[in-house]
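We did not get these values from a lab; they are worked out from the coordinates using the rules stated. What you see is a predicted model, and the numbers here were worked out from it, not measured in a lab. Note: ideal-geometry Cβ built from the backbone for every residue, glycine included; neighbour counts use all protein chains shown.
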Amino acid sequence: MLQRTLILLSVLLSIASGSLAAQPGAPVVRGVSRQPAATIITLFTSLPYDSAVIAVQRLYASAGMLAATVERDSGGAIVITEGAVYTVRSVSYRPDSMALALETGDPRPPFAGRPFAEADVNDEMLDIVHELNAKGYPLATARLLDVRVDDSAHAVDMTVELVPGERVRISRVDVRGNTSTKTSLILTAAAIPHDALFTDDLARQVRKRLERLNLFSEVSEPQLFRSDSGGYGLFIAVKEGTTNTFDGVVGLQPADSGGSVTLTGLVNVSFRNIFGTGRRLALRWQKLSTTASQLELRYGEPFLFALPLDLDIGFSQNQEASTPVLLSYVQRSFFGNLYYGLTDAFTIKLGAAYQTTIPQSDSAQPCTMQLLNTSTLETSLGIVYDTRSSTVNPMSGVRYNTSYSVGAESVRGPSRCADGYPTHDTRGRLEADLECYVPMFKRFVAVGAAHYGDVTGALVEEADLFRMGGQSTVRGYLENAILASQRIWGNGEFRMLLAPTSYVGLFTDYGSYLRREDVRKGIPQRTGWLLGYGVSAQIETPLGLMKLSYALSRDDTFATGKVFVGLVNQF
């Protein structure tokens, strides 16, 4: 015990005096303060003495201490004199021509007043090459041509040689791997201007544009090639994906008051590459509850007039069966939207819609149980900002979407229940959505989202209100169980990525709602808040992409939780 204590004291004293023996028989090293002493001892114990001296001097030189010396004293200890840190005094470039400066930009002085360190020099050379590449010089090189050391001033004067190479412009684009998608669609989506300068950023942008078509299972990084004529071209390789999909969703909703379990569902059939042109056709039917169902038919036409202009037109129908508090009704809507991509991430939307609400008429029932027969013609304007890395399973990026619509609503035909209502009114609707995906540790992603909606107007009734609860809003509550004039909710989720399209996660949803007072129907103002939490998963299976979630509300027990299963089957 005493012997171990003496050894420990000896080690502590050697550290304090600048000397350290890594192990019995290791050399004693003195004078070390700016480098790890253990690293130096390892060099001398693993290399011959002369080789170790050279390695130590290189170690110090990499940190700017060019005059460091290594010697042995009379006792055999290794004494290191670290010396001063040399700084960069000046940097000159060759060839020094005005034409080069005008074409490539005046390279920034990278080192002035900074320590001369090998790692920094290499990093700055890479930065210079990247600057040249960004200006259309993909073959550019930069190297340290000459280093002049002034020991008296502890300074270094450097000469850097820049070889920009040929400035490359794209004269042709070749596409390979597309068997059903037309080459003209790929070239239009790639959006490579004629005679464009080639840069690494351009190649990355082209790849991302093609991935956003959601038509290919794989898009390779575009490669530069030189044609027989001496010009340069860009080679794009793609691999076709399955673009016809069938989505099936089944949901189980336990009854609130001892009734039977409610089975909900969704069927979504889509064709996303009709005739290889990227045209889209989708049919969607959803059973929300025992009384409610939705039907939607949509058609999309991409790149109208070879511009980043997409057309989306469709028909939707919401149907509600009679309940003890409201007679049945059907709400139909014909709509059309134009999307124009100002940039890869920023899109503006202009839309129009015509909507009718057709209620069941029953003179024996009070008007409080009947909706008005109305029609609405509206226009909308919106913006979308989307930098997500993927639309299926994003690992980074942001998506923001907001839209405002205003419509002229009118009562169609006389009705005893229309007394006291204006025959015409203006309806406004504001919606905003924000999603953020932040990569955390390896394979982990934090997801945060916030959503807002508000609808106003004197003729706004149940059919025009927002729905809350269920898989698409606040999980843990029955699907679309809450009607709201104004709603706000947020989602937080922590996901572990299993594959490019798969993850498992934990989530928490929070929301609040307001339903404004309706004096004519005797409905008071209502407010409330929602809280849901649970587990979620998205798994790639041989049958397709399966989505799962188990959610509890703040009032639930484990037995009354809601289960949702979604299946995306490709055929």
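For this structure, a couple of remarks:
- Total charge dipole magnitude, the chain, about the Cα centre, Cβ charges on Lys, Arg, Asp, Glu only, Debye to nearest 20: 1020
- Across the chain, the mean sequence separation of Cα contacts (distance under 8 Å, 6 or more residues apart), normalised by length, yields a relative contact order of 7 percent.
- Per-residue ³J(HN,Hα) for the stretch 56-66, Karplus 6.51 cos²θ - 1.76 cosθ + 1.60, θ = phi - 60°, Hz, x for Gly and Pro: 5, 5, 5, 4, 6, 4, 5, 9, x, 9, 6
- Multiplying the residue separation of Thr290 and Thr541 by 0.36 nm and subtracting their alpha-carbon distance yields 87.3 nm.
- Once the Cβ-Cβ distance of Thr39 and Ala84 is raised to the sixth power relative to R0 = 22 Å, the FRET efficiency obtained is 0.60.
- Furthest towards positive pole of dipole, Val269, Tyr404, Thr387, structure part the chain, Cβ charges: Val269
- For the stretch 251-570, the relative contact order works out to 9 percent when only alpha carbon pairs closer than 8 Å and six or more residues apart are counted.
- Residues whose amide H lies under 5 Å from that of Ser328, counting only those 5 or more places away or on a different chain, are Ser322, Thr323, Gln360; hydrogens are built 1.01 Å from N in the peptide plane.
- Label-point gap, in nm, between Phe305 and Phe225 - each point 7 angstrom along Cα→Cβ: 3.5
- Placing R0 at 22 angstrom, the Cβ-Cβ distance between Thr560 and Leu434 gives a FRET efficiency of 0.10 after rounding to 0.05.
- Exposure rule at most 15 other beta-carbon atoms within 10 Å, DSSP loop GluC sites (Glu not before Pro): the chain longest free segment: 167-516
- Unpaired Cys in the chain, meaning no second Cys C-beta under 4.7 Å: Cys436.
- Once the C-beta distance of Leu283 and Asp195 is scaled by a Förster radius of 45 Å, the resulting FRET efficiency is 0.55 to the nearest 0.05.
- Ala449 paired with Glu118, simple spin-label distance in nm, labels 7 Å along Cα-to-beta-carbon: 5.1
- For Cα Rg over 2.2 N^0.38 Å, calculated from these coordinates, the label among (1) 0.98; (2) 1.41; (3) 1.09: (2)
- For Ala481 and Tyr49, the difference between the fully extended length at 0.36 nm per residue and the C-alpha to C-alpha distance is 147.5 nm.
- Scanning residues 5 or more positions from Gly64 or on other chains, those with amide H under 5 Å from its amide H are Glu118, with H placed 1.01 Å from N in the peptide plane.
- Cα-Cα over 31 Å, subset of Lys239/Lys442; Lys135/Lys442; Lys287/Lys349; Lys182/Lys442: Lys135/Lys442; Lys182/Lys442
- Point-to-point label distance, Asn214-Asp157, nm (Cα→Cβ direction, 7 Å offset): 6.3
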